[in-house]
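These notes concern the structure reproduced below.
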């Protein structure tokens, strides 16, 4: 037995309870949860224990853009202005500066209660020789930060539908499918078994030809790997896809792929409800990134159908202009309220909003990444976030209102620390 944790309050799936212990085995997984009557190895007075947050979509190197977009007259709400700044940042990085950026982003995620990061990774090469220099940089930085990592390795070959890559995109390039899978095999071999997994990505319909998307998804299914893809974030993407294929991106994927349960579409900001219904019925899931989608002025996705499908919604920090899963949860709900001009649509079976938001930030993300975490139950990884019950913003809250108080009334200062596979790190630690 590695640890027996006893917090003042522990989340039990629908409520906080006192006197609950969590036993963690030597393998870093939860062995049992309940009123165990054991001597705790870690007492956590004035703290509440939640499943660690799961960030299902991140571009960690874009942490280096923070604040720069808002300097432009159009602000970061101009996607194209932001994109050009991103290209400049990518071109400026070497392994040392990239490592520092990744480490800073991953450390900030832990301080925000994030214990798992799905890194949607397309910054591959140092030069034009397709050296994949940056792939292991990501693994090394995550290992140093101690964060659980799902490296979602992007296939990227075109600069638009039917168009060659621009010079600014050369560091993202995948030569062909055989070399992509050879690199995937190398990454799986050097990943930390307890903390790191890999997944498959077709960046978007703009960055991968349809036949490549079909082949990638089929091989991902054969290997039992998760498959992620940007889908309908920008109206320009839809117009380009209509011009090139005569179909909207989601419509195209529905027709071309046997979707199954491994495909996560990221953003879906402008997805037609008919296409979404078909996608969800086939087992697809959706990841949204409210802070980035707001920052870039993308729009508000319609999530009624996604939520009704149950367990198909996850959250990501995307550009990392702000890293806070509490704010992603809060603005997920607020965005739906603004869209509908009434209460949002995200509730659990009992009509409670906060538990539905927590599920998207934990179990929903874990499902999208194929990682056994996101719940406080036996067999899951021992990945937790501890909430400081003495934080001023939580003063006066009773246990039955605590989750709502954390999500809607608090900031990241209430996060006392995180545990990943049984390894504890206080907020601000290293």
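The values are calculated or read from the model by the stated rules, or taken from the named source; none is laboratory data. None of the values given here were measured: they were computed from a predicted structure. When we count neighbours, we look across all protein chains shown, and the Cβ atoms used for this are built from the backbone with ideal geometry, even at glycine.
Scanning region 238-258 for residues that are surrounded by fewer than 23 Cβ atoms within 10 Å (Cβ to Cβ) and in contact with a strand residue (DSSP E or B) (Cβ under 9 Å, 6 or more places away or on another chain) yields a count of 3. Only residues that are assigned to a loop (DSSP other than H, G, I, E, B), under 12 Å from residue 232 (Cα atoms) and modelled with pLDDT of 95 or more were counted in region 272-301, giving 1. The set of residues from region 182-206 being touching a helix residue (DSSP H, G or I) at 6+ places or on another chain (Cβ under 9 Å) and surrounded by fewer than 15 Cβ atoms within 10 Å (Cβ to Cβ) comprises 186, 190, 192. Answer yes or no as to whether residue 33 is in a strand (DSSP E or B), under 29 Å from residue 154 (Cα atoms) and either at pLDDT 95 or above or in the same structural domain as residue 420 (by TED's automatic domain parsing) (or both). No; evaluated as a whole, the condition is false for this residue. Applying the set (1) crowded, with 19+ Cβ neighbours inside 10 Å; (2) outside the structural domain of residue 310 (by TED's automatic domain parsing); (3) under 17 Å from residue 14 (Cα atoms) to residue 398 leaves exactly one unmet item: (1).
Across region 247-271, the number of residues qualifying as without any contact (Cβ under 8 Å) to a residue 40 or more places away in the chain, under 24 Å from residue 294 (Cα atoms) and not in a strand (DSSP E or B) comes to 5. All of 326, 332, 280, 313 fail the test of being in contact (Cβ under 8 Å) with a residue 12 or more places away in the chain and surrounded by fewer than 21 Cβ atoms within 10 Å (Cβ to Cβ), apart from 280.
Take the conditions (1) crowded, with 21+ Cβ neighbours inside 10 Å; (2) touching a strand residue (DSSP E or B) at 6+ places or on another chain (Cβ under 8 Å); residue 296 misses just one of them, which is (2). The residue list 239, 232 contains one member that is at pLDDT 95 or above and within 15 Å of residue 203 (Cβ to Cβ), which is 232. Somewhere in region 136-145, is a residue touching a strand residue (DSSP E or B) at 6+ places or on another chain (Cβ under 7 Å), surrounded by 19 or more Cβ atoms within 10 Å (Cβ to Cβ), in the same structural domain as residue 243 (by TED's automatic domain parsing) and assigned to a strand (DSSP E or B)? No, region 136-145 contains no residue that is touching a strand residue (DSSP E or B) at 6+ places or on another chain (Cβ under 7 Å), surrounded by 19 or more Cβ atoms within 10 Å (Cβ to Cβ), in the same structural domain as residue 243 (by TED's automatic domain parsing) and assigned to a strand (DSSP E or B). Of the strands (runs of 3 or more DSSP E) lying entirely inside region 357-430, those containing at least 2 residues that are more than 23 Å from residue 34 (Cα to Cα) are 423-426. For the residues 385, 414, the requirement of being farther than 29 Å from residue 264 by Cα, in the same structural domain as residue 24 (by TED's automatic domain parsing) and buried (at least 22 other Cβ atoms within 10 Å of the Cβ) singles out 414.
Is one or more of the residues making up region 102-113 more than 17 Å from the chain's Cα centre (by Cα) and either within 22 Å of residue 83 (Cβ to Cβ) or not in a loop (DSSP other than H, G, I, E, B) (or both)? Within region 102-113 (the criterion being more than 17 Å from the chain's Cα centre (by Cα) and either within 22 Å of residue 83 (Cβ to Cβ) or not in a loop (DSSP other than H, G, I, E, B) (or both)), the answer is no, since none of the residues qualifies. Output the number of the condition that residue 162 fails; it satisfies all remaining conditions of (1) in contact with a helix residue (DSSP H, G or I) (Cβ under 6 Å, 6 or more places away or on another chain); (2) crowded, with 24+ Cβ neighbours inside 10 Å; (3) under 30 Å from residue 254 (Cα atoms). The number of the failed condition is (2). Remark: pairs (first residue in region 223-246, farther than 15 Å from residue 270 by Cβ; second residue surrounded by fewer than 15 Cβ atoms within 10 Å (Cβ to Cβ); Cβ separation under 8 Å; 6+ apart in sequence or on different chains) = 244/162.
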